[in-house]
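One structure is given here, and the rest of the page talks about it.
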Amino acid sequence: MFISIDAGNTNITIGFYDSNIGEWIHEFRIESKGSLTLLSLERAMHLFFLENNLKIDAVSSVGVSSVVPELNELLNQFCKEFLGKPCYFINGDSYRKLSVSTSRPNEIGTDLMCNVTAAYERNRQANIIVDFGTALTFTVVDDEGKVVGVNIVPGLKTAVKSLFSNTSKLPEVPLKFPKSAIGTNTVESIQAGILYGYTGLVQGMLGTIKQQLKTPVKVIATGGLSTILSNLKGSFDDVDRNLTLEGIRLITLTNINSQL
């Protein structure tokens with residue numbers, strides 16, 4: 001069993017890949033902010049292993065993508081002490097043996113390169129990967145697997161929290177579509193503005209990028225919030241919430257196997 005750990009600004013996502021059936025079988029999420037400690041992570045994971053009948057001795061390898069450097073030592077200790085395995089941290093040198101590349105390996109987030117790796121491995125053509133996370137990112141990859149560039153805007157929840165935190169009378173609202181694009185009360189006004197507004201943002205961004213690329217391109221959506229904007233389904237060729245986890249697995253195994 002392979003374990004992918006994706007440490008982001010909002011959550012740490014831990015994915016479990018069953019190599020025998022070739023599928024992601026479980027996913028565990030825990031907030032990466034606040035009072036997270038090694039002890040609290042180990043306790044939560046111990047319970048998760050028990051509830052899902054997972055065995056620690058079945059773990060073969062662990063790969064980590066982290067965009068939060070202050071979590072790295074905690075994750076390193078967790079892998080050694082709880083999982084009993086050293087973990088491979090993806091970094092700028094990890095891409096040298098891959099079919100994808102970037103001109104700025106130490107600048108682009110490892111999570112985005114994991115998305116690129118998994119998407120290009122699947123399609124072997126130009127891709128736009130839309131990642132709905134703390135930030136909403138559009139990563140553009142050409143037919144040769146080279147990262148052309150990345151566009152970044154605040155994510156859906158980030159936008160809602162910013163509005164709620166910086167205004168005295170506006171409430172924090174659930175992310176679900178209201179009855180109409182025209183809000184008739186405060187909650188529906190915010191929902192309409194954010195959800196219909198972001199729908200237009202994504203459609204406009206994809207249209208502009210495609211126009212500039214002038215080549216056939218696959219569009220893949222990922223991230224925990226990738227299904228929130230349900231009216232965008234026709235804009236994506238695929239929606240895969242495990243894309244980052246799969247990229248971590250591919251990059252880790254490529255680098256581990258090359259050292260054998």
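Conditions tested, residue by residue: (1) of a type in the set (Ser, Thr, Tyr); (2) under 22 Å from GLY224 (Cα atoms).
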residue: ASP57; (1), (2): no, no
residue: ASN76; (1), (2): no, no
residue: ASP93; (1), (2): no, no
residue: SER103; (1), (2): yes, no
residue: GLU107; (1), (2): no, no
residue: ASP111; (1), (2): no, yes
residue: CYS114; (1), (2): no, yes
residue: ALA118; (1), (2): no, yes
residue: ILE128; (1), (2): no, yes
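Filtered by the rule that a residue be surrounded by fewer than 16 Cβ atoms within 10 Å (Cβ to Cβ) and not charged (D, E, K, R), region 102-111 gives SER103, ASN106. Taking the conditions (1) over 19 Å from THR134 (Cα atoms); (2) aliphatic (A, V, I, L, M); (3) open to solvent by less than 50 Å² (accessible area, probe 1.4 Å) in turn, ALA181 satisfies each one other than (3). Here region 1-48 is the region considered, the condition is being under 15 Å from THR252 (Cα atoms) and free of Cβ contacts under 8 Å to residues at least 60 places away in the same chain, and the residue that is surrounded by the most Cβ atoms within 10 Å (Cβ to Cβ) is ILE14.
For residues in region 49-80 being under 30 Å from PRO105 (Cα atoms) and open to solvent by 60 Å² or more (accessible area, probe 1.4 Å), which is nearest to the chain's Cα centre (by Cα)? Quick ask: steps written out before the conclusion?
So in region 49-80, the residues under 30 Å from PRO105 (Cα atoms) come out as 59-80.
Applying the additional criterion that residues be open to solvent by 60 Å² or more (accessible area, probe 1.4 Å) yields 60, 69-70, 73, 77, 80.
Numbers: SER60: 23, PRO69: 16, GLU70: 19, GLU73: 21, GLN77: 23, LYS80: 24 Å.
This residue is PRO69.
Only one of the numbered conditions (1) in contact (Cβ under 8 Å) with a residue 24 or more places away in the chain; (2) over 14 Å from the mean Cα position of the chain (by Cα); (3) open to solvent by 30 Å² or more (accessible area, probe 1.4 Å) is violated by PRO171, and that is (1). Within region 96-132, the set of residues being among the basic types (Lys, Arg) and at negative phi comprises ARG96, LYS97, ARG104, ARG122.
If I ask for residues that are open to solvent by less than 40 Å² (accessible area, probe 1.4 Å) and either under 22 Å from GLU121 (Cα atoms) or modelled with pLDDT of 95 or more (or both), which ones from region 216-241 would you list? Show your work before the answer.
First pass over region 216-241, keeping only residues open to solvent by less than 40 Å² (accessible area, probe 1.4 Å): 217, 219-226, 229, 232, 235-236, 240.
Answer for region 216-241, where residues must be open to solvent by less than 40 Å² (accessible area, probe 1.4 Å) and either under 22 Å from GLU121 (Cα atoms) or modelled with pLDDT of 95 or more (or both): VAL217, VAL219, ILE220, ALA221, THR222, GLY223, GLY224, SER226, SER235, PHE236, ASP240.
Select, from GLN191, GLN259, GLN211, the only residue that is surrounded by fewer than 18 Cβ atoms within 10 Å (Cβ to Cβ), over 30 Å from ARG96 (Cβ atoms) and either touching a strand residue (DSSP E or B) at 6+ places or on another chain (Cβ under 9 Å) or not hydroxyl-bearing (Ser, Thr, Tyr) (or both). Give the derivation first.
Working: GLN191 fails: surrounded by fewer than 18 Cβ atoms within 10 Å (Cβ to Cβ); GLN259 fails: over 30 Å from ARG96 (Cβ atoms).
GLN211 is the lone residue from the list that is surrounded by fewer than 18 Cβ atoms within 10 Å (Cβ to Cβ), over 30 Å from ARG96 (Cβ atoms) and either touching a strand residue (DSSP E or B) at 6+ places or on another chain (Cβ under 9 Å) or not hydroxyl-bearing (Ser, Thr, Tyr) (or both).
From the set of residues in region 81-100 that are in a helix (DSSP H, G or I) and of a type in the set (D, E, K, R), which is least open to solvent (accessible area, probe 1.4 Å)? Taking the candidates together, the pick is ASP93.
The values are calculated or read from the model by the stated rules, or taken from the named source; none is laboratory data. Owing to the predicted nature of the structure, the values given are computational and were not obtained by experimental measurement. No Cβ is skipped: glycine too gets one built from the backbone with ideal geometry, and neighbour counts run over all protein chains shown. We work out accessible area using only protein heavy atoms, side chains counted, and drop any ligands, DNA or RNA first. Shrake-Rupley method; radii C 1.70, N 1.55, O 1.52, S 1.80 Å.
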